[in-house]
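K.L.:
Below is the structure I would like to discuss, written out as structure tokens.
The values are calculated or read from the model by the stated rules, or taken from the named source; none is laboratory data. Values in this document were obtained by computation on a predicted structure and should not be read as measured data. Cβ coordinates were reconstructed from backbone atoms using ideal geometry, including for glycine residues, and neighbour counts include every protein chain displayed. Each accessible area value is taken on the protein alone, full model and side chains, heavy atoms only, with ligands, DNA and RNA left out. Shrake-Rupley method; radii C 1.70, N 1.55, O 1.52, S 1.80 Å.
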Amino acid sequence: MKQLVMTGPRKSKVVEVPIPEIGDNELLVKVKYSGMCHSEWYPWSTASPGDILGHESMGVVAKTGKNVKGFHIGDRVTGLGGGAFKEYIVMEPGKTVHIPDNVADEDAVAEPLACLLSAAMKLPPEMLGDPVAVVGCGYMGLGTISLFKAMGYGDIVAIDPRPEALENARKFGATETYTPDTIPPYYLLNWETMGKPDLTRDGTNADLFNVGFRRVMEFSGTESGLRLAGDLVCAHGTLGIGGYHNDSFRSIDYKLWNFKAITTINCHERRIEYEAGLCERCMMLLSKGIWKFTGLADERHIYSLEEFDRGNEEMADHTDGFIKGLVRT
């Protein structure tokens, strides 16, 4: 079978390897699509020879272990299966979920959807109709916006430096959109807008509780985006950090965050069984139309294994309306 292997930074090759054997409690899955995740862009760009990537997969059951129940050859499945840039992967039944008949293959890569659902559930509205801000409107930010709409948030303010990203944000439910340099000052609570930031308890020139947002989600993955997201949080508000910050250290104004007494939540999920359950829940939400987050990967951004490196370049450059890339095996 074909498998993608890195040969160095920004360079991969396709090699032939044996189809893996499965145990009595495992599934062999013929992969159809594997999602391209921006969390792996930095590992791709700095890769060492022999590195294996890929963690977002969907496909069809090709073989079942003799003890496996509930799965049959030909079932369409998704879930948590690593090293997925290859033709066949071994999956554990407990990390595998069925794909509903009315969910298209291209929409059924569940792992990133589970990450989004996990992140959004860590930042629920305090009251139906509350406002919220989202910084970063790539695939993950758009998914968050559409989830926040389904969860009952009211005004959803989206921020991104790219006009096309803001256009996408409006399509998925954002009610206001801004580039970082056009954000109204009443949405920012920082040293400049406060005017008199001190600890005298005499107050400041700004209303600490009504300037900015009680809920802000960051999905930019950049230092500037993270700092901006912090500026958008009002006093005693909550910042959800959903962006995957893996390329370098981050410098933030923690004095500001400290002064505003904000709560920060790292919205990543490491409870594997819980995330596997979220994969199943996401398939249900898509199937029932509760979460309207489909059609993100079009044919322009579906790549062969041999085109993987080009796909990563186009993901970084947002070439030709890039939102989500898939690798077809």
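K.L.:
Roughly how many Å² is the accessible area per residue of the range 119-185, as a whole number, for a 1.4 Å probe?
P.N.:
Computed with neighbouring chains in place, this is 40 Å² per residue.
K.L.:
Separate question: Within straight cross-link reach of Lys2, meaning Cα distance under 14 Å, which aspartates and glutamates are found once same-chain residues fewer than 8 apart are removed?
P.N.:
Glu16, Glu87, Glu306, Glu307
K.L.:
Within the range 67-173, report the GluC sites (Glu not before Pro) that DSSP leaves as loop and that have at most 12 other Cβ atoms within 10 Å.
P.N.:
Values: sites: Glu87, Glu106, Glu126, Glu164, Glu167; in loops: Glu87, Glu126.
Of the GluC sites (Glu not before Pro), the ones in loops of the range 67-173 whose Cβ has at most 12 other Cβ atoms within 10 Å are Glu126.
K.L.:
For the range 174-191, take each phi angle, set θ = phi - 60°, evaluate the Karplus expression 6.51 cos²θ - 1.76 cosθ + 1.60, and give the result in whole Hz per residue in order, putting x for glycine and proline.
P.N.:
Going residue by residue, I get 5, 9, 9, 9, 9, 7, x, 8, 10, 5, x, x, 6, 9, 10, 10, 9, 4 Hz, with x marking Gly and Pro.
K.L.:
Which cross-chain or sequence-distant (5 or more) residues have an amide H under 5 Å from the amide H of Gly325, H modelled 1.01 Å from N in plane?
P.N.:
Result for Gly325 returns Met36.
K.L.:
Same structure again: If the cut-off is 17 Å between C-alpha atoms, which lysines fall inside it for Lys149, apart from same-chain ones fewer than 8 positions away?
P.N.:
Lys122, Lys171, Lys288, Lys292
K.L.:
Using 7 Å Cα-to-Cβ label points, what is the Lys11/Ile272 separation (nm, one decimal)?
P.N.:
So the two model labels end up 3.4 nm from each other.
K.L.:
To continue, here is another question. Over the heavy atoms of Ser248, what accessible area does a 1.4 Å probe trace out, to the nearest 10 Å²?
P.N.:
70 Å²
K.L.:
Hey, another quick one. Just to check I understand the Karplus step: with θ = phi - 60° and J = 6.51 cos²θ - 1.76 cosθ + 1.60, what whole-Hz values come out for the range 27-40, glycine and proline as x?
P.N.:
The phi angles translate into 10, 9, 10, 7, 6, 9, 10, 10, x, 8, 10, 5, 5, 9 Hz.
K.L.:
For Ser224, Ser57, give me the order by solvent-accessible area with a 1.4 Å probe, most accessible first, ignoring ligands, DNA and RNA. Each step should come with its number before you reach the end.
P.N.:
Details: Ser224 85, Ser57 0 Å².
Ranked list, largest accessible area first: Ser224, Ser57.
K.L.:
Using modelled backbone amide H atoms (1.01 Å from N, in-plane), which distant-in-sequence or interchain residues come within less than 5 Å of Thr264's amide H?
P.N.:
So Thr264 has HN proximity to Leu239.
K.L.:
Which one of Leu232, Leu142, Leu286 has the biggest mean-square fluctuation once the chain is modelled by GNM with Cα springs under 10 Å?
P.N.:
Result for the chain, Cα springs under 10 Å: Leu286 fluctuates most.
K.L.:
When only DSSP loop residues count, what chymotrypsin sites (Phe, Trp or Tyr not before Pro) in the range 228-311 have their Cβ near at most 10 other Cβ atoms within 10 Å? Mind dumping the intermediate values first?
P.N.:
Values: sites: Tyr244, Phe249, Tyr254, Trp257, Phe259, Tyr274, Trp291, Phe293, Tyr303, Phe308; in loops: Tyr244, Phe249, Trp291, Phe293.
Answer by residue number: Phe249.
K.L.:
Which percent of the accessible heavy-atom area of the range 1-79 goes to carbon and sulfur, probe 1.4 angstrom?
P.N.:
Numbers: 2010 of 3750 Å².
Ligands and nucleic acids excluded, carbon and sulfur reach 54 percent.
K.L.:
Residue-wise, which Karplus ³J(HN,Hα) couplings in Hz belong to the range 88-96, taking 6.51 cos²θ - 1.76 cosθ + 1.60, θ = phi - 60°, and x for glycine or proline?
P.N.:
For the range 88-96, the Karplus-derived couplings read 9, 10, 9, 10, 8, x, x, 10, 10 Hz, x marking Gly and Pro.
K.L.:
Express the carbon and sulfur contribution to the solvent-accessible surface of the range 84-209 as a percent, rounded to the nearest whole number, probe 1.4 angstrom. Don't jump to the answer; show the numbers that get you there.
P.N.:
Values: 2930 of 5540 Å².
Carbon plus sulfur share of accessible area: 53 percent.
K.L.:
List the residues whose amide H sits under 5 Å from the amide H of Tyr88, counting only those 5 or more places along or on another chain, with H placed 1.01 Å from N in the peptide plane.
P.N.:
Those lying under 5 Å, H to H, from Tyr88 are Val31.
K.L.:
Take every DSSP beta bridge with both residues inside the chain and express the antiparallel ones as a percent of the total, to the nearest 5. Don't skip to the end; give the middle numbers.
P.N.:
Details: 29 of 51 bridges.
If we restrict to bridges inside the chain, about 55 percent are antiparallel.
K.L.:
Over the chain, what is the mean sequence separation of C-alpha contacts under 8 Å (at least six apart), divided by residue count, expressed as relative contact order in percent? Before the final figure, lay out each step's value.
P.N.:
Working: 726 pairs, mean separation 60.5, N = 329.
RCO, the chain: 18 percent.
K.L.:
Also: So for the pair Met1, Arg310, with labels modelled 7 Å out along Cα→Cβ, what separation do we get in nm?
P.N.:
Going from the Met1 label point to the Arg310 one covers 2.5 nm.
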